[in-house]
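Input: a single structure, listed below in structure tokens.
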Amino acid sequence: MRQRKSEGYIDGKPLQPESLMMGYGYQPEWSEGAVKCPIFQTSTFVFKSAEEGKAYFELACGLREQAPNEKLGLIYSRLNNPDLEILEDRLALWDDAESCAAFESGMAAISTTLLAYLRPGDYLLHNEPLYGGSDHFFKHILTQFGITPVAFSAGMSNEAIRQLARQSIPQGKLGMLYLETPANPTNALVDIEFCSQLARELSSTDRKAPVVVDNTFLGPLYQHPLKHGADLVIYSATKYIGGHSDVIAGACLGSHEWLHPVKVLRVYMGAIAGPWTGWLLLRSLETLKLRMDCQNRNARFVADFLCDHPQVEKVYYLGHLTESDPQYEIYRKQCDAPGGMISFEVKGGEREAFRFLNALKLIKLAVSLGSTESLAEHPHTMTHASMCPEDKQQFGITENMIRLSVGVEHPEDLITDLNQALEKCQSAVELVGAAP
């Protein structure tokens, strides 16, 4: 059922991704004229002949090379499914990737990708802070397999990162360079182009260490890591791609060559997304640009308001970077917009942060991000709870930090809600200060 990218043209003019989300990879005549792709809720598929079944399995098992214009036929939904194939074709358009692999969760995409490439004795170079699940997987799971994580702080200078890597990683032992940029939850940036060059410097002559970028925070609209030298890009598709807080999914994209080991391991780990997940994401992709552009606009209003509020100590927002900031040049080079993620610190500590969160009325107190509704959470005790206290302090995840994912509500209503919650937070500080 796969469709070639060359078919996304009219009169020789390429169509934009937001237009192709409506039908790319699917033809209504395949399914009784249904304008939308049906849910192919089946575990297995019928072969037209034994010879066809043999040919499909030869490709699926890597027993022979794929012939020109030959497609892998449908076999079994742990291997492939029409909903998943169409989803992967459409997702690949945003990053201009050759190939895509869909997973049942973002952590499935992360863990499968890392296990596809890392081997005992390898070093994993990565930035901090990371999403809490990734941080735990790197430091407590991979280490059981003889893999050594080496962390550098997002925001470090390129030369400092190079020096740390050369001091910490023996030549030729780098197995992967993994980035999460912007960093979660501080929005600190890492230079993808530089890190791609560094990975080449540290790789052995016979084994190239891949550069993998978790691009969840800016989604496939506002940052394209593959264009800056990354080999693979990962998404928690639960977030902006899904965008409605009703599906868990992940994705990994890149060239056919880099993604092949990931897809092979996905088959045997059983981590492929199911047809319902694929169908829900196909629905969401049709409004991805509309949603993210609205969230991007709303976040600007919210960030400006927070910067001017007396109860807010600091705001972490890419749209406020200035030319005097060392991160500004990285932002200009690799980001197309600041996105909808804001972190900020209220005056006080955990008690004041909790008082603020408990006072919210329109904004939901919940983890996750990138959905139509605005979500606020406390990274120190929630998404990054498993990080050790020393790492939290070193990487700026403070007790008074709030992470805010801005949704598609009216910006004035969001500001009204934030303002009333901050006033209650301020009242608590004043009461403490007035106590004898």
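No lab work stands behind these numbers, since they all come straight from the coordinates. Fair warning: this is a prediction, and the values are worked out from it, not measured in the lab. Every residue, glycine as well, gets a Cβ built from its backbone with ideal geometry; the counts of neighbours run over all protein chains shown.
Please compute, over every Cα-Cα pair in the stretch 75-157, the percentage with a separation greater than 22 angstrom. Pairs farther apart than 22 Å: 42 percent. Structure note, pairs 208/263; 239/263; 71/239; 227/364; 36/239; 36/361: Cα-Cα distances above 26 angstrom occur for 71/239; 227/364; 36/361. When each of the peptides 84-96, 330-342 is scored by how many other beta carbons lie within 10 Å of its residues on average, the order from highest to lowest is 84-96, 330-342.
Projecting the Cα atoms of 37, 398, 330 onto the charge dipole of the chain, computed from C-beta unit charges around the Cα centre, puts 37 farthest toward the positive end. Of all DSSP bridge pairs formed entirely within the chain, close to 60 percent run antiparallel. With θ taken as phi - 60° and the Karplus curve 6.51 cos²θ - 1.76 cosθ + 1.60 applied, the whole-hertz 3J(HN,Hα) list for the stretch 131-141 is 3, x, x, 5, 4, 5, 4, 5, 8, 10, 9 Hz, x standing for glycine and proline. Against the chain, whose longest principal axis comes from its Cα atoms, helix 275-285 is set at around 60 degrees. Comparing mean-square fluctuations of 372, 238, 143 from a GNM of the chain with C-alpha springs under 10 Å, the top value falls on 143.
The charge dipole of the stretch 33-81, taken about its Cα centre with unit charges on the Cβ atoms of Lys, Arg (+1), Asp and Glu (-1) only, comes to about 220 debye. To the nearest 10 degrees, how steep is helix 288-308 against the longest Cα principal axis of the chain, on a 0 to 90 scale? The helix 288-308 is inclined about 10 degrees to the chain.
Based on the inverse mean of 1/r over its pairs of different Cα atoms, what is the Kirkwood hydrodynamic radius of the chain, in Å?
On the way: mean 1/r = 0.0436 Å⁻¹.
For the chain, the Kirkwood estimate is 22.9 Å.
In the chain, the longest principal axis of the Cα atoms and the axis of helix 158-168 are about 70 degrees apart. Plainly put, the stretch 1-106 has a radius of gyration that is 0.97 times its Kirkwood radius, both from alpha-carbon atoms, as the Rg/Rh ratio.
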